[in-house]
Amino acid sequence: MRSLVLGAILLGVVILGSASSWILPLPDPLAMEVTERLSPPSWRHPFGTDQYGRDLLSRILRGGTVALGASVVSVGIASLIGIPIGFAAGLIGGILDEVTMRLMDALQAFPSILLAITIVAIMGPGPLNAMVAIGLVNGPVFARLARSVALSLKGRDFVLAAEALGASRLRILRYHILPNSLSYILVQASIGASTAVLAEASLSYIGLGTQPPNPSWGRMLEEARLFLDVAPWMAIFPGFAIFLTVLGFNFLGDGLRDLMDPWRRGRG
Amino acid sequence: MLKFIVRRIISLLIILWLVSFLTFLLLQVIPGDPAQLILGIEASPEALGSLRARLGLDKPWPLRYLHWLAGMMRGDMGISIRLERPVSSLIAERLPVTLSLAVMAMLIALIIAFPAGILSAVKWNSPLDYFILFASQVGIAIPSFWIGILLILTFSLYLRLLPTGGFISWGKNPLEALRHLLLPATSLGLVTAAFLTRMLRSSMLEVLSQAYITMARAKGLAKFQVIFRHALKNALIPVATLAGVQIGFLMGGSIVIEQVFALPGLGRLLLSAVYTRDIPLIQGLVMFMTTMVVASNLLVDILYAYLDPRIRFE
């Protein structure tokens with residue numbers, strides 16, 4: 001329970017923070033003030049400013065939108081692609097199962113960031129393309145999960161009973177398999193969100209995700225790297241924001257897993 | 001054992017074939033004509049036509065795929081469009097940097113994970129255990145490139161102990177090479193260390209609750225012997241698999257870390273190929289890096305089967 005609460009609190013802070021960047025009267029995250037450039041944290045700029053004199057607090061809060069967007073979009077794409085494939089492979093079986101699983105093996109043989117870079121190279125750099133790439137890369141994880149849950153549920157008595165009563169495959173999928181797999185999918189979604197935040201930051205760091213002047217935590221760290229000796233504050237806060245968000249999703253995932261599986265409760 | 005190895009090699013070849021097909025197909029979708037990209041928009045149609053023929057672009061894609069695959073088998077990965085040099089020699093030049101980085105990162109990860117994982121399992125539920133668990137939770141959530149930046153800030157800019165980036169080859173000056181790799185390898189290794197520590201801890205806890213451990217203790221063996229001779233050996237098996245998975249992570253992570261530390265490795269080569277849309281170079285690098293990961297996973301699998309006979313006879 002502890003990790004669930006901790007994760008919820010951390011993510012609550014991140015969500016409120018990025019919402020506040022649109023609601024509260026904060027400085028415009030894109031507005032440049034050349035006279036204020038590279039100024040250290042102060043009352044006026046609590047997190048300092050960057051090389052163009054943009055307010056870093058505003059930029060980090062706005063960057064939260066990108067990070068949360070990346071997690072929602074890429075988990076959405078990964079599950080929309082992966083889960084139907086996994087269910088089909090698990091429930092129909094045979095050649096279909098064999099072929100799709102070998103394909104998933106091949107997709108997972110690529111180091112994930114390498115595959116994401118390749119996909120972005122094809123579609124062109126940009127925040128949405130980066131999110132789609134991360135989603136595509138994570139699809140096989142969801143497919144595997146859905147397949148293994150479907151396989152384990154397929155032989156259970158309540159599914160056999162429904163089959164004996166003449167329920168169609170689709171009905172079994174809709175009323176028996178899907179509701180019983182949701183909890184597993186939820187845990188995976190939370191882990192997937194945490195890897196998506198990290199992956200989006202990495203892609204933006206190497207210039208393939210969010211493009212300037214828009215703020216993204218990864219991009220901000222890349223800019224900070226250039227001014228490390230004169231403006232170290234630029235490198236501290238965006239990294240901390242990534243860390244807290246990823247930690248939040250990890251705790252949420254751990255908490256959800258413990259909640260479903262009482263046997264694991266109390267063990268690390 | 002031989003049968004096991006042969007079976008694994010066959011499935012590895014199937015995966016690599018699929019990987020090569022996907023890599024090739026993916027990069028065919030890229031919009032734009034490579035010949036136009038090289039010669040510019042003002043090139044004459046004749047020049048474009050002859051360059052297309054030279055690059056083999058006038059043939060249908062299945063033929064080009066077969067041609068590319070046949071070349072790969074001979075170690076000929078084509079020619080980089082931008083750098084106008086064979087992809088294989090570009091890779092050979094950069095490989096030592098990436099390989100040293102990945103190996104050093106793995107060593108650092110193991111050096112941290114072994115004592116941390118064992119200690120936290122042996123001192124289960126103690127403040128030390130909680131501290132190690134907390135540290136590993138932090139390690140998993142921190143992006144490696146942020147660790148890298150923080151390390152540069154501390155060790156290069158404030159303490160002025162280590163260089164901020166760049167590389168000097170092992171042949172020229174081994175000590176300098178080590179100094180240049182220390183920070184990047186640590187940033188990459190800490191994340192892997194966190195994963196391995198958690199795995200070693202939980203697998204040690206599992207093993208320590210087995211009856212044969214109680215038996216070993218009951219017959220009066222020293223605690224040290226029980227932990228290292230009886231428990232650790234069996235606890236290592238799942239850790240070995242995870243270490244195999246982490247090789248892929250290190251390979252991918254090195255792409256970003258090389259960028260942070262300006263290391264002239266495969267990752268930087270890949271990024272420059274992506275920025276300039278150098279398709280043959282991207283294809284060659286993706287194929288090469290994936291093959292390395294798949295091959296090292298095979299080695300881990302074989303090691304795994306050697307450690308645990310149950311797997312061989314499955």
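The values are calculated or read from the model by the stated rules, or taken from the named source; none is laboratory data. Fair warning: this is a prediction, and the values are worked out from it, not measured in the lab. Quick reminder, even Gly has a Cβ in these numbers, built from the backbone with ideal geometry, and neighbours come from all protein chains shown.
Here are some notes:
- Yes/no for B:LEU271 being surrounded by fewer than 23 Cβ atoms within 10 Å (Cβ to Cβ) and within 25 Å of B:ILE112 (Cα to Cα): no
- Within segment B:68-88, tally of residues that are assigned to a helix (DSSP H, G or I) and exposed (fewer than 13 other Cβ atoms within 10 Å of the Cβ): 2
- Flag if A:GLY139 is of a type outside the set (S, T, N, Q) and within 14 Å of chain B (Cβ to nearest Cβ): yes
- Failed item, numbered, when B:PRO115 is tested on (1) surrounded by 15 or more Cβ atoms within 10 Å (Cβ to Cβ); (2) in a helix (DSSP H, G or I): (1)
- Residue match in segment A:21-30 (condition: surrounded by fewer than 15 Cβ atoms within 10 Å (Cβ to Cβ), away from every other protein chain (no Cβ under 14 Å), of a type in the set (D, E, K, R) and free of Cβ contacts under 8 Å to residues at least 24 places away in the same chain): no
- Pairs where the first residue, in segment A:145-165, is assigned to a helix (DSSP H, G or I) and the second is surrounded by 15 or more Cβ atoms within 10 Å (Cβ to Cβ) and of a type in the set (Phe, Trp, Tyr), C-beta under 8 Å, 6+ apart: A:LEU145/A:TYR184; A:ALA146/A:PHE87; A:ARG147/A:PHE87; A:VAL149/A:TYR184; A:ALA150/A:PHE87
- Restricting the first member to segment B:143-164 and to residues that are within 30 Å of A:THR195 (Cα to Cα) and more than 10 Å from every other protein chain (Cβ to nearest Cβ), and the second to residues that are modelled with pLDDT of 95 or more and surrounded by fewer than 23 Cβ atoms within 10 Å (Cβ to Cβ), the beta-carbon pairs closer than 8 Å and six or more apart or on different chains are B:LEU151/B:THR186.
- Residues that are within 14 Å of chain A (Cβ to nearest Cβ) and either touching a His at 6+ places or on another chain (Cβ under 9 Å) or outside any helix (DSSP H, G or I) (or both), drawn from segment B:209-254: B:SER209
- Test: residue in segment A:105-126 that is more than 8 Å from chain B (Cβ to nearest Cβ), assigned to a helix (DSSP H, G or I), within 20 Å of the chain's Cα centre (by Cα) and farther than 20 Å from B:VAL286 by Cα: no
- When residues of segment A:199-211 are limited to those that are touching a helix residue (DSSP H, G or I) at 6+ places or on another chain (Cβ under 7 Å) and away from chain B (no Cβ under 11 Å), the one farthest from B:TYR275 (Cα to Cα): A:THR210
Conditions (1) within 14 Å of another protein chain (Cβ to nearest Cβ); (2) within 17 Å of B:ARG82 (Cβ to Cβ); (3) part of a loop (DSSP other than H, G, I, E, B); (4) touching a strand residue (DSSP E or B) at 6+ places or on another chain (Cβ under 6 Å), marked per residue:
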residue: B:LYS3; (1), (2), (3), (4): no, no, no, no
residue: B:ARG7; (1), (2), (3), (4): no, no, no, no
residue: B:VAL19; (1), (2), (3), (4): yes, no, no, no
residue: B:THR23; (1), (2), (3), (4): yes, no, no, no
residue: B:ALA35; (1), (2), (3), (4): no, yes, no, no
residue: B:LEU48; (1), (2), (3), (4): no, no, no, no
residue: B:LEU51; (1), (2), (3), (4): no, yes, no, no
residue: B:ARG54; (1), (2), (3), (4): no, yes, no, no
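- Pairs where the first residue, in segment B:97-118, is under 23 Å from B:GLU176 (Cβ atoms) and the second is among the aromatic types (Phe, Trp, Tyr), C-beta under 8 Å, 6+ apart: B:VAL97/B:PHE167; B:SER100/B:TRP170
- Scan of segment B:292-314 for residues that are within 22 Å of B:PHE24 (Cα to Cα) and facing another protein chain (nearest Cβ under 9 Å), ordered by number: B:VAL293, B:VAL294
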